[in-house]
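Asker: Submitted below is the structure of interest, expressed as structure tokens.
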Amino acid sequence: MTSALRIEGGNPLTGEVKVRGAKNLVPKAMVAALLGSTPSTLRNVPEIKDVQVVTSLVELHGVAVHNDPKTGELTMDPTNVSLANHADIDAHAGDSRIPILLCGPLLHTLGEAFIPDLGGCRIGDRPINYHLRVLEEFGAKVEKLPTGISMRAPSDGLKGAKIHLEYPSVGATEQVLLAATRAEGKTELTGAAIEPEIMDLIAILQKMGAIITVETDRQIIIEGVDELKGYTHTALPDRNESASWGSAALATGGDIFVRGADQKDMSTFLNVFRKMGGGLDIQDDGIRFYHPGTDLNPLFVETNVHPGFMTDWQQPLVVAMTQAQGVSVVHETVYENRFGFTDALVRMGATVQIHKDCLGPTVCRFGHQNFKHSAIITGKTPLHGADINVPDLRGGFSHIIAALTAEGTSNVTGVSVISRGYEHFVDKLQGLGAQFEVLS
Ligand code: EPU
């Protein structure tokens, strides 16, 4: 796996890339397969590290997995689900946050579950308090051990519950869905997240035999059933990867057709892209994103839960904002600490100031807590090459775009974290004409 690149910047990225299934759906769909009594088939699966991690985890629990990376078809047979060895699961500690979602299905199937310490991107504390509370509300007994968290279902199984999420967390909503579908009785969830990846997970669960109703006002009702069967499903495309390539086209002055990008789940991003002056050509089989050849406009953007502007779209777009003429503002309201990546941009010549105040109409959860969660980006600033160590997935992709936008040479290390969520990204960069050398 590529871990360091020497990038020669200053050339526009042009050409075509293909995106496959969403990183933020596929691992959850794999977990859902554990709930079935028969095998499941998932299509459009990308070759990314998160899929490898979840494959290992479900295999440790007795699921037989067959993956054909070329066709993107993954089959999972859960008929022999069994308890995994704690030490084996622990070997995955730090790799991914997905293990917490295995709990519901394991509690149903085996009556107990164990998860290692959780990893994921370094973007704030990323607590799991909502997840643990949700599982307890279904009746699970949760015990924190030095190596991880152990859970046990009551002897007569998990029971449906009335659950309210104080913040519409994506993961906690998925936790409720995965635990409630086979719990006894009805579950009423209020304050639910309604991201397209969640709607796709609901579609999968419905194919398996679940009864889930999405009401207005972030309310989801799940009527528990005794048994679910396997599913066959094509994962929705990755709107985060699609938007990242769009921002890469804008920042580098390029022109990229993203095959597989789907307009309907990206309309908020496409509006922002257009308002910045970016060119769009929206087709049935993908979206062409291009720099107009004239000055880009500065913009105010506030990240939010769906249908707002996604937090994961923010970092690559900030790089494009350094190339817009004037002052842009980004107010991050989903994660308290998602501007760490801008330090490297500043070293490359960008003018970015980070503030603790809520710079926007919304007073968010972080406003009075001293978190640096608003950014002012003043452009247009030429960028120059620098030595960068990639901090996390989206920040890392932004650093790659910045290095490609900059004049001169950048040495970028820690690049392998990007393969958690961007399929074949080094090959894709090459196909778009990026000038770089693989150092290791
Ligand atoms: N939160 C809590 N307690 C919890 C769970 C969440 O306080 O128990 C807070 C988080 O700290 C955060 C907010 O709630 O401030 C939202 O977090 P959420 O649970 O919605 O995020 P997640 O499920 O952990 C997923 C994606 C993220 C994406 C967010 C928001 C996956 C694997 N990850 O995370 O994706 O940013 O939803 O849409 O689906 C990425 O792709 O780079 C990425 C970080």
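Each reported figure results from applying straightforward, stated rules to the coordinates on display, with no laboratory input. What you see is a predicted model, and the numbers here were worked out from it, not measured in a lab. So basically every Cβ, Gly included, is an ideal-geometry build from the backbone, and we count neighbours across all protein chains shown.
Asker: Pop out the ³J(HN,Hα) list for the range 224-233 in order, Karplus 6.51 cos²θ - 1.76 cosθ + 1.60 with θ = phi - 60°, rounded to Hz; leave Gly and Pro as x.
Answerer: x, 10, 6, 9, 10, 9, x, 10, 10, 8
Asker: Put +1 on the Cβ of each Lys and Arg and -1 on the Cβ of each Asp and Glu in the chain; which of LEU250, ALA324, ASN304 then has its Cα farthest toward the positive end of the dipole?
Answerer: Ranked along the dipole, the leading option is ALA324.
Asker: Whose amide H sits under 5 Å from the amide H of GLY414, counting only residues 5 or more places off or on another chain, with H placed in the peptide plane?
Answerer: Result for GLY414 returns VAL390.
Asker: Here's a follow-up. Once all Cα-Cα distances of the chain are split into 20 Å bins that start at 0, what whole-number percent is in each one?
Answerer: In whole percents, the pair-distance histogram is 26, 56, 18, 0.
Asker: Could you work out the relative contact order of the range 26-234? I mean the mean sequence separation of Cα pairs under 8 Å and 6+ apart, divided by the number of residues, in percent.
Answerer: It rounds to 21 percent for the range 26-234.
Asker: Putting +1 on Lys and Arg Cβ atoms and -1 on Asp and Glu Cβ atoms, find which of ASN389, ALA203, LEU158 reaches farthest to the positive end of the dipole of the chain.
Answerer: ASN389
Asker: Estimate the FRET efficiency between GLU136 and VAL214 by the formula 1/(1 + (r/R0)^6), using the beta-carbon distance for r and 25 Å for R0, to the nearest 0.05.
Answerer: 0.55
Asker: As I understand it, the dipole of the chain uses +1 on the Cβ of Lys and Arg and -1 on the Cβ of Asp and Glu, about the Cα centre. Which of VAL51, GLY62, PHE366 lies farthest toward its positive end?
Answerer: So the residue we want is PHE366.
Asker: While we're on this one: Counting only C-alpha contacts under 8 Å and six or more residues apart, can you give the relative contact order of the chain as a whole percent?
Answerer: Dividing the mean separation by the residue count of the chain yields 21 percent.
Asker: What lysines sit close enough to LYS380 to cross-link, taking a C-alpha to C-alpha distance under 28 Å and skipping anything fewer than 8 places away on the same chain?
Answerer: LYS275, LYS356, LYS372, LYS428
Asker: What is the distance, in nm, between label points placed 7 Å from the Cα along the Cα-to-Cβ direction at THR362 and at ASP88?
Answerer: Each label point is offset 7 Å from its Cα along the Cβ direction, giving 4.3 nm.
Asker: Counting Lys and Arg as +1 and Asp and Glu as -1, what is the net charge of the other residues whose Cβ lies under 10 Å from the Cβ of SER150?
Answerer: Cβ neighbours under 10 Å give a net charge of +1.
Asker: Remind me, relative contact order of the range 8-97 in percent, using alpha carbon pairs under 8 angstrom and six or more residues apart?
Answerer: Relative contact order of the range 8-97: 29 percent.
Asker: How much length, in nm to one decimal, is gained on full extension between ASP284 and ASN80, taken as 0.36 nm per residue of separation minus their Cα-Cα distance?
Answerer: Separation in residues times 0.36 nm, less the Cα-Cα distance, equals 69.3 nm.
Asker: Something else now. At 0.36 nm per residue, and after removing the present C-alpha to C-alpha distance, how many nm does the segment from THR147 to SER56 gain when stretched out fully?
Answerer: Between THR147 and SER56, full extension yields an extra 30.9 nm.
Asker: A further question on this structure: When you take every Cα atom in the range 358-412, what is the radius of gyration, and what is Dmax, the widest Cα pair distance, in Å?
Answerer: Cα radius of gyration and Dmax of the range 358-412 are 14.9, 41 Å respectively.
Asker: If you don't mind, another one. Each residue of the range 158-173 in order: what ³J(HN,Hα) in whole Hz does its phi give by Karplus 6.51 cos²θ - 1.76 cosθ + 1.60, θ = phi - 60°, with x for Gly and Pro?
Answerer: Once θ is set to phi - 60°, the couplings for the range 158-173 become 6, 10, x, 8, 8, 10, 10, 9, 5, 9, x, 5, 4, x, 5, 5 Hz.
Asker: Taking 41 Å as R0, compute the FRET efficiency from the Cβ-Cβ separation of ASN370 and THR234 and round it to 0.05.
Answerer: Calculated value: 0.40.
Asker: Grab the DSSP H runs of the chain that are 4 residues or longer, score each as -39,500 (n - 2.57), total them, divide by all residues and round the 222 nm result to the nearest 500 deg cm²/dmol.
Answerer: The per-residue figure over the chain is -8000 deg cm²/dmol.
Asker: Name the residues whose placed amide hydrogens come within less than 5 Å of the amide hydrogen of LEU228, ignoring near sequence neighbours (fewer than 5 apart) on the same chain.
Answerer: Amide H neighbours of LEU228: SER37.
Asker: Another question, then. Please figure out what share of the DSSP beta bridges in the chain is antiparallel and state it in percent, rounded to the nearest 5.
Answerer: Here the antiparallel bridges make up roughly 70 percent for the chain.
Asker: Extent of the range 27-106 along each principal axis, from alpha carbon coordinates, in Å, largest to smallest?
Answerer: 33, 27, 17
Asker: Separate question: To the nearest 10 degrees, how steeply does helix 239-252 sit against the main Cα axis of the chain, on a 0 to 90 scale?
Answerer: Result, in degrees: 10.
Asker: When the C-alpha atoms of the range 200-249 are aligned to their principal axes, what extent does each axis show, in angstrom, from largest down?
Answerer: Principal axes ranked by extent give 49, 30, 9 Å for the Cα atoms.
Asker: Okay, next question. Need the full-extension length gain, LYS275 to GLU112, defined as separation in residues times 0.36 nm minus the C-alpha distance. One decimal, nm.
Answerer: Full extension of this stretch gives 53.6 nm more.
Asker: Take peptides 5-15, 329-339, 271-281, 248-258 and line them up by average Cβ neighbours within 10 Å, highest first, as a rough protection proxy.
Answerer: Ranked from most to least packed, the peptides come out as 248-258, 329-339, 5-15, 271-281.
Asker: Now for a separate question. Using the beta-carbon distance between LYS186 and GLN263 and R0 = 35 Å, what value does 1/(1 + (r/R0)^6) give for FRET efficiency, to the nearest 0.05?
Answerer: Working from the Cβ atoms, E equals 0.45.
Asker: Another one. Please express the shape of the range 26-234 as an equivalent ellipsoid: the semi-axes are the square roots of 5 times the eigenvalues of the C-alpha gyration tensor, given largest first in whole angstrom.
Answerer: Three semi-axes, in Å: 22, 20, 17.
Asker: Here's another thing I want to ask about it. For LYS70, which aspartates and glutamates qualify as cross-link partners when the Cα separation must be under 16 Å and same-chain residues fewer than eight apart are set aside?
Answerer: Counting by Cα, and skipping residues close in sequence, LYS70 has these aspartates and glutamates nearby: GLU47, GLU423, ASP427.
Asker: To continue, here is another question. Would you calculate the separation in nanometres between label points at SER3 and GLN353, each defined as 7 Å from the Cα along the Cα-to-beta-carbon direction?
Answerer: Result: 4.0 nm between the two label points.
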